[in-house]
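Quick notes on the structure that follows.
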């Protein structure tokens, strides 16, 4: 659109518009994981429990956590975790593992939960699947935390065998540590 202003100059407006956004920093990464309090946030998606409990078990075999606390989102996977729960998790934990982002809405909410915990100073590893890498990039950009690094496992998750769950757990074990320590490469 082109408009002539009161001093005779033309102003040209970009019809696409521009969105200004503020970038939010990640929380401070950990120097070590031993002695940390690990929080597990389960969004109640099918197999999230198996992936998270398996990952917590595998991680606890190589890292001496001071505690492992388990939380389940009360309103399901397609909603952000309630503020009260996020505050409780931030008060009771030093690092968090959350899952699972294997569909559009649950992926978005999983990333939003991780960002909310990062805003509270808690390094958070959100587990997503390969099918939702692009959506994760867009979500973290849109909410202002482009440096958030997710854990990425193979899709699907809801209809896999115990052996396939274990294969994904092995990837989570490695990548989650990289996220918390600030060593995870971008997706």
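Bear in mind that the values in this text are calculations on the coordinates, not laboratory data. Bear in mind that the values here come from a model prediction, so they are computed numbers and not experimental data. Positions of Cβ are generated from backbone atoms using ideal geometry, with glycine treated the same way; all protein chains shown enter the neighbour counts.
The table for this structure:
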item: Length-normalised contact order for the chain - Cα pairs under 8 Å, 6+ apart - percent; result: 24
item: Antiparallel DSSP beta bridges within the chain, as percent of all bridges there, nearest 5; result: 15
item: For 102, 119, 186, 147, order by how many other beta-carbon atoms lie within 10 Å, fewest first; result: 186, 147, 119, 102
item: Sorted by Cβ neighbour density within 10 Å, fewest at the top, the residues 40, 160; result: 160, 40
item: Ranked list, fewest to most other Cβ atoms within 10 Å of each Cβ, for 138, 26; result: 138, 26
item: Extent along principal axes [Cα atoms of the stretch 36-92; Å; largest to smallest]; result: 33, 27, 10
item: Reported label for calculated semi-axes √(5λ) of the Cα gyration tensor in Å given (1) 36, 18, 15; (2) 127, 19, 9; (3) 43, 18, 11; result: (1)
